[in-house]
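Below is one structure, written out as structure tokens; the observations come after it.
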Amino acid sequence: MNFTMVAYIIGWILQIEAAFMLLPTIVGFCYGETEHAAVYIITALVSFALGLVIKLKKPKTRDLYTREGFATVAIGWIAMSAVGAVPFTATGDIPNYIDALFESVSGFTTTGGSILPNVETLSHANLFWRSFSHWIGGMGVFVFIMAIFPIMGGYSINLMRAESTGPAVGKLVPRVQKTAKILYAIYLGLTVIGCIVFMICGMSFFDAATTIFGTVGTGGYGIKADSITSYSASVQWAITIFMILSGINYSVYFCLLRRQFKDAFSISEVKWYLGIILVSTAIITWNIHGFYSSVGESARHAAFQVSSIITTTGFSTADFDLWPSLSKTILVILMFCGACSGSTGGGMKISRWLIMGKTIFKELSTMVHPRQVKKIHMDGHVVEHETVRATNVYLASYFFIMLLSLLLISIDNFDFTTNFTGVVAMLNNIGPGLGLVGPTGNFAGFSSFSKIVLIFDMLAGRLELFPMLIILKPACWKKY
Amino acid sequence: MNIIIVGCGKVGHTLVEQLGGEQHDIVVVDLNPDKVHSITDELDAQGIVGNGVSYQTLQEAGIDRADLLIAVTASDEQNLLCCCIARQAGHCKTIARVRNPLYNEEISFLRDKLGLDLIINPELLTANEIARIFQFPSAVKIDTFSKGRLELIHFRVTKECLLNGLKLMNLKEVLGFNVLIPLVTRGDEVIIPRGDFSFEEGDVASVATTAKTASMFFRKIGFTSGRTRTAMLVGGGTISYYLAKRLLSAGINTKIIEIDDKVCSELSEKLPEATIICGDGTDERLLLQEGLESADGFVALTGLDEENILLALLARKLSNTKAVSKINRINFNSLLGDIKLDTTIFPRLLTANLILRYARSMNDSLGSNVENLYRLEDGKAEALEFYVKEPSGVTDTPLMQLSSKLKKDINICSITRGNQIIFPTGQDEIKVGDYVVIVMKHCGMTDIKDILK
């Protein structure tokens, strides 16, 4: 393990975060919250200085192999969240540090599950920082560093692999730095367009900005106690569309920008994703039509909730906990489904389900013809055995973590629906579950221990399990 | 530039390493997924698993945007075909590796008719490099510039050598004439020596001279070895064949030791003047019997790197010969320096260097051209030859005034103007139309203006 190099990169993370913290400082000053602005600027300065001190020791070699890559990303995210939680406590809005950490991790991992009963009591600076952490975490802070500073050469692909989503992370263009730049350009483009569209639909600038951060990052922190419910229908439709766009594999946008339209529309994962959204929306609309005055309203709520859950955003316009059982079940299944790989969304990812589904068919086929040689294909390419194996192991680890977390948080003695959907919502970075943690509820009731378990789940879910698991393995920390 | 490399073998890997370091966008193509992944995991390149001959695979690799395609798969035919298809599919320059001696005879026909830009034969390249060293057995390595008129000769400072313990500024007094030593390698370190630098035993010094001065210089500093008259080659592969042909035509008595009698009879058909011995080249008695002790040159060219290293060490121990060993695969450069091998030749690096030079010259700006490029000491330094096409900040200024504006660790070795070679002093200046040779510890320059701060 190349400790000095790992530390060096963590130093970078802290400094970048310090730079990001200047934005809530500005927001604080704009709204006359001088004390809160001061907290942010002090935290930023301390974080910057800390990064500087850590970076003093220059690494001898810049080699960063797979395990260093995974461990760096995991530690980097923990460090980033720990620093990001400080202002919440220091401003006094969230006095307990564990609660603040939960809120901060939930922000960076784009989960969006809160421990606050009423977010409207928070200052503008804190609200902005909460939402902005979604934007930072959505595409990933390591990808951001790679886009701007070429600090690691060829090995940086190991960091990108650990932070990006999906079973087989590839590059759009030959160079990591260019790939990272393209990803952030698309991300920024979506953000700016979304913000303008929201404002046209009638949101104020502050509301539009914070909401679009939560939307493109597929986070889900609202700045109102009732999330998106009180906004107009047009705003809700606009958010629905941008949530769906954010859950699409970014290589689609890349192909569109390169005018390779045929390639852009031939990705089977994206077709499945859009198909699932359409079918689920249709069923739920039919299922809940008695609850609302018109079909249009039912369709709007159904589409909003479906896209919010499948992209793992977690905004809500209706308390779906009150919906019929069929609708709730569909939403819970969508929680497991997740968005497309290579997007900012969390969850298991549709491509993994496709690979696993195809593996099942392959296995059945081999039972019929025991000597058959069959490869799994996707979009005209053979899926390598390595990817299939990694997907299977992912699924196994996923359920182990889920069951263990479920066991640990059931000590708090809440009902099964709350516990189960709570863990699922955390592990898939969605936010709201059902029961006490439903759209109108929050996670405040859990004990500190349960919150730490859930914090681990959120990080594991965002980093796709293995980076968080590898740092628990003692051999990872040995020099030899 | 966008570069596609087809074939992820030894040369492919080296190329990605070196071209990637010069900020090119590289896509590698190979049929073997393991080989592709070993490159993309370690280096900043995109990998595509597929057959580089297929139009579709090339499309996927972005042939329509590529500036250069390099085909270095194991098969000559695949390389040629790949380049032909690439020519038709895109607008890129193409480089193919072709190693079969049969095709080598037709290389210019192939290049012109198939529209290739460069055909590389690593074996021929290696043989030429070895033959060049035999012209100056005291040298470890020789790099040539200005169409062979200027040489950068790297040699090891021995105990008896006059340079041992000498300060660079006293060199002129001792020799009686002026030579330029722009670079010294000590262990792993590369040094651009200044006046107060003093030489030590074991240093590899590089001297920039013309061939005529070189022999005078080496006689003066105490290297007595004269012309090579006899050479012994162990292993009868393609390199041996090319090398023997060169050596024989230079009038050197050449002996090839090869274990396979079929190969032996083939060689004897093709090389009637050479002495072909059928026997085990690792047999010490056989080597002695065939007169290793009195051979001027010894080249270990078997298929095994380890064997070649041991053979060269053995030859050095038993005789005073100039021993050369070819190393294909292993890459323990730091170790090879320690065991005091005389000269080691890496065909992989020779090939990569040639391609790199071509890529660099493609990348040229308008002001100057990269004519020659040698990577020294595993890429820690470079010797570059520029052709100056246009006036710029470096032209028409006396070097004395220029020196304060130069980057650190840069040495302007020579200026070739017409037929005249100038070893510049402070009063000389670079003019348009000159060929300028520069040795430096910076890498990746494409224009002579880059030497300025």
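Every number here is computed from the coordinates shown, using simple stated rules; none is lab data. All figures in this text were calculated on a predicted structure; none of them were measured in a lab. Glycine gets a Cβ as well: all are built from the backbone with ideal geometry, and neighbour counts include every protein chain shown.
Distance from the Cα centre of the stretch B:162-233 to that of the stretch A:300-366, in angstrom?
Spelled out, the Cα-based centre of one part sits 73 Å from the other.
With label points built 7 Å along Cα→Cβ from the Cα atoms of A:Ile196 and B:Lys317, find their separation and express it in nm.
Rounded to a tenth, the inter-label distance reads 7.8 nm.
Counting other Cβ atoms within 10 Å of each Cβ, which chymotrypsin sites (Phe, Trp or Tyr not before Pro) in the stretch A:230-330 have at most 12 and sit in a DSSP loop?
A:Phe265
For the stretch B:186-235, state which trypsin sites (Lys or Arg not before Pro) are in a DSSP loop and have at most 15 other beta carbons lying within 10 Å of their beta carbon.
Hits after loop and neighbour filter: B:Arg194, B:Arg227, B:Arg229.
Based on a Kirkwood Rh over C-alpha pairs, give the Stokes-Einstein translational diffusion coefficient of the stretch B:230-345 at 10 °C and viscosity 1.306 mPa s in µm²/s. Present the calculation step by step, with values, prior to reporting the outcome.
Values: Rh = 14.1 Å.
Roughly 113 µm²/s, to the nearest whole number.
Mind jotting down the distance between the C-alpha centroids of the stretch A:11-67 and the stretch B:40-102, whole Å?
Answer, in whole Å: 46.
If you bin every alpha carbon distance in chain A into 20 Å steps from zero, what whole percent lands in each bin?
Calculated P(r), rounded to whole percents: 25, 59, 16, 0.
Out of the stretch A:239-282, which trypsin sites (Lys or Arg not before Pro) are coil in DSSP terms and have no more than 10 other C-beta atoms within 10 Å? Could you put the intermediate results ahead of the total?
On the way: sites: A:Arg258, A:Arg259, A:Lys262, A:Lys271; in loops: A:Arg258, A:Arg259.
In loop regions of the stretch A:239-282 (DSSP not H, G, I, E or B), the sparsely surrounded trypsin sites (Lys or Arg not before Pro) are A:Arg259.
For the stretch B:61-119, report the % of Cα-Cα distances exceeding 14 Å.
Cα-Cα pairs in the stretch B:61-119 separated by more than 14 Å: 48 percent.
With a cut-off of 8 Å between alpha carbons and a minimum separation of six or more residues, what is the relative contact order of the stretch B:67-131 in percent?
31
In Å, what Kirkwood hydrodynamic radius results for the stretch B:171-270 from the alpha-carbon pair distances?
17.0 Å is the Kirkwood radius here.
Using a Förster distance of 45 angstrom, determine the FRET efficiency expected from the C-beta separation of A:Phe449 and B:Asp41, and round it to 0.05. Don't skip to the end; give the middle numbers.
On the way: r = 39 Å, r/R0 = 0.87.
Here the calculated transfer efficiency is 0.70.
What is the pair-distance distribution P(r) of the stretch A:322-480, computed from all Cα-Cα distances in 5 Å bins starting at 0, with each bin given as a whole percent?
Taking every Cα pair in the stretch A:322-480, the percentages come to 2, 8, 15, 18, 16, 14, 11, 8, 5, 2, 1, 0.
If you wrap a convex hull around the Cα atoms of the protein assembly as shown, how much volume per residue is inside, in Å³?
Dividing the Cα hull volume of the protein assembly as shown by its residues yields 206 Å³.
With equal scatterers on the alpha carbons only and no solvent term, can you work out the Debye log10 of I(q)/I(0) for the stretch B:153-195 at 0.16, 0.30, 0.32 1/Å?
-0.44, -1.40, -1.43
In nm, to one decimal, how far is the A:Leu326 label point from the B:Asp396 one, both placed 7 Å along Cα→Cβ?
So the two model labels end up 8.8 nm from each other.
Pick out, from A:Phe449, A:Thr387, A:Gly461, the residue whose Cα sits farthest towards the positive end of the charge dipole of the stretch A:358-480, with +1 on the Cβ of Lys and Arg and -1 on the Cβ of Asp and Glu.
In the stretch A:358-480, that residue is A:Thr387.
Would you mind pulling out the separation of the Cα centroids of the stretch A:80-158 and the stretch A:227-254, in Å?
A separation of 21 Å, based on Cα centres.
Using a Förster radius of 22 Å, what is the FRET efficiency between B:Glu160 and B:Arg186 based on their Cβ-Cβ separation? Nearest 0.05, please.
In this case the efficiency is close to 0.75.
Please compare each pair in B:Lys380/B:Lys407; B:Lys262/B:Lys326; B:Lys220/B:Lys441; B:Lys113/B:Lys270; B:Lys317/B:Lys340; A:Lys451/A:Lys478 to a cut-off of 18 Å on the Cα-Cα distance and tell me which ones are over it. Numbers along the way, then the final one.
Details: B:Lys380/B:Lys407 16 Å; B:Lys262/B:Lys326 23 Å; B:Lys220/B:Lys441 29 Å; B:Lys113/B:Lys270 28 Å; B:Lys317/B:Lys340 12 Å; A:Lys451/A:Lys478 29 Å.
Over 18 Å Cα-Cα: B:Lys262/B:Lys326; B:Lys220/B:Lys441; B:Lys113/B:Lys270; A:Lys451/A:Lys478.
Can I get the semi-axes of the stretch B:2-120's equivalent ellipsoid? Compute them from the C-alpha gyration tensor as square roots of 5 times the eigenvalues, in angstrom, largest first. Don't skip to the end; give the middle numbers.
Values: eigenvalues 97, 44, 33 Å².
Each semi-axis is √(5λ); the values are 22, 15, 13 Å.
Just subtract the alpha-carbon distance of A:Ser293 and A:Ser410 from 0.36 nm times their residue separation and send over the number in nm, one decimal. Intermediate values should be presented prior to the final figure.
Details: separation 117, 0.36 × 117 = 42.12 nm, distance 3.91 nm.
Difference between extended and current length: 38.2 nm.
By DSSP, what percent of the beta bridges with both residues in chain B are antiparallel, rounded to the nearest 5?
For chain B, the DSSP antiparallel bridge percentage is about 50.
Give me the three principal axis extents of the stretch B:127-221 from the C-alpha atoms, as integers in angstrom, largest value leading.
Principal axes ranked by extent give 36, 31, 24 Å for the Cα atoms.
As an exercise, take the mean of 1/r over every pair of distinct alpha carbons in the stretch A:1-83, invert it, and state the Kirkwood radius in angstroms.
One decimal place: 13.6 Å for the Kirkwood radius.
Between B:Asn51 and B:Asn328, what FRET efficiency comes out of the Förster formula 1/(1 + (r/R0)^6) with R0 = 22 Å and r the beta carbon distance, rounded to 0.05?
After rounding to 0.05, the efficiency reads 0.30.
Over all directions, average the projected area of the Cα convex hull of chain B and note it in nm².
21.8
Going through the DSSP H helices of chain B, which span 30 Å or more along their own axis at the Cα atoms while scoring at least -0.5 as a mean Kyte-Doolittle hydropathy?
none
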